Amino acid sequence: MRFEGTAHRYGRDVDTDVIIPARYLNTSDPAELAKHCMEDIDAGFVAKVKPGDIIVADENFGCGSSREHAPIAIKASGVTVVIASSFARIFYRNAINTGLPIMESPEAARAIRDGDTVAVDADTGTITDITTGEVFTAQPFPPFIKGIIEGGGLIAAVRERVAK
């Protein structure tokens, strides 16, 4: 799995309430959730995010409420991967279950700046800030998690497996 896009940089403790505000939880439609992704922390996010872009954040990304809506909104907005120093555990699992790749790399999260072009090779765990030329590492996904992400999320991956 390889990704390349523009970095959208955020700080620490980005909680699920600012990723997708509670007032929009009356729907589970990914396209509708994407319209409101990050709006309480970055009102211009939806207008500037492009398919393939990358979110970069500091510690504890996805803390707060245990809502699957948050990684769904991020993925549906066009973001292909989130890089952070660390993730809240429940967000980490929800991201995998919904098919959103996430990479933990404190060094990359500290160095990558808003607007940098970033490439990620999730198979090797290599993160390259193309803008600066710096290269960082993260733990690559084990095969079973990679299969869930490539399958579009846990439910889709299980359906495909059962169909075979």
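The values are calculated or read from the model by the stated rules, or taken from the named source; none is laboratory data. The model shown is predicted, which means the values in this text are computed figures rather than measured ones. Because the Cβ atoms are built from the backbone with ideal geometry, glycine has one as well, and the counts that use them run over all protein chains shown.
From 52, 44, 62, 11, grab the single residue that is at negative phi and touching a strand residue (DSSP E or B) at 6+ places or on another chain (Cβ under 8 Å).
Working: 52 fails: at negative phi; 44 fails: touching a strand residue (DSSP E or B) at 6+ places or on another chain (Cβ under 8 Å); 62 fails: at negative phi.
Unique residue meeting the criteria: 11.
May I ask you to list pairs of residues, at least six apart or on different chains, whose Cβ atoms are under 9 Å apart, with the first in the stretch 135-146 being on the phi < 0 side of the Ramachandran plot and the second being among the β-branched types (Val, Ile, Thr) and part of a loop (DSSP other than H, G, I, E, B)?
Listed by first residue and then by second, the contacts come to 136/112; 137/124; 140/124.
May I ask you to verify whether residue 55 is modelled with pLDDT under 95, aliphatic (A, V, I, L, M) and outside any loop (DSSP other than H, G, I, E, B)?
In short, no.
Show the residue pairs meeting these rules: Cβ distance below 6 Å; 6+ apart or different chains; first residue within the stretch 15-27 and surrounded by 12 or more Cβ atoms within 10 Å (Cβ to Cβ) and at pLDDT 95 or above; second residue small (Gly, Ala, Ser) and outside any loop (DSSP other than H, G, I, E, B).
Close Cβ pairs (under 6 Å, with a partner that is small (Gly, Ala, Ser) and outside any loop (DSSP other than H, G, I, E, B)) amount to 16/70; 19/70; 20/70; 20/73.
Of everything in the stretch 142-164, what is among the charged types (D, E, K, R) and either at pLDDT 90 or above or within 20 Å of residue 75 (Cβ to Cβ) (or both)? Give them in sequence order.
146, 150, 159, 160
May I ask you to list the residues in the stretch 65-101 that are β-branched (Val, Ile, Thr), touching a residue at least 40 places away in the same chain (Cβ under 8 Å) and under 25 Å from residue 136 (Cα atoms)?
If the condition is that a residue be β-branched (Val, Ile, Thr), touching a residue at least 40 places away in the same chain (Cβ under 8 Å) and under 25 Å from residue 136 (Cα atoms), then 74, 79, 80, 81, 83, 96 are the ones that fit.
How many residues does the stretch 65-94 contain that are more than 23 Å from residue 23 (Cβ to Cβ), surrounded by fewer than 22 Cβ atoms within 10 Å (Cβ to Cβ) and among the β-branched types (Val, Ile, Thr)?
The number of residues fulfilling the criteria is 1.
Where residues in the stretch 81-110 are aliphatic (A, V, I, L, M) and not in a helix (DSSP H, G or I), which of them is farthest from residue 12 (Cα to Cα)?
Step one: of the stretch 81-110, the residues aliphatic (A, V, I, L, M) are 81-84, 88, 90, 95-96, 100, 102-103, 108-109.
Now narrow it down to the ones that are not in a helix (DSSP H, G or I): 81-84, 88, 100, 102-103.
On the way: 81: 17, 82: 13, 83: 12, 84: 9, 88: 11, 100: 19, 102: 16, 103: 15 Å.
Within the stretch 81-110, the match that is farthest from residue 12 (Cα to Cα) is 100.
Whether any residue in the stretch 48-64 is free of Cβ contacts under 8 Å to residues at least 24 places away in the same chain and surrounded by fewer than 24 Cβ atoms within 10 Å (Cβ to Cβ) is what I want to check.
No, the stretch 48-64 has no match at all.
If you check 121, 116, which single one turns out to be of a type in the set (D, E, K, R) and more than 15 Å from the chain's Cα centre (by Cα)?
Matching residue, one of 121, 116: 116.
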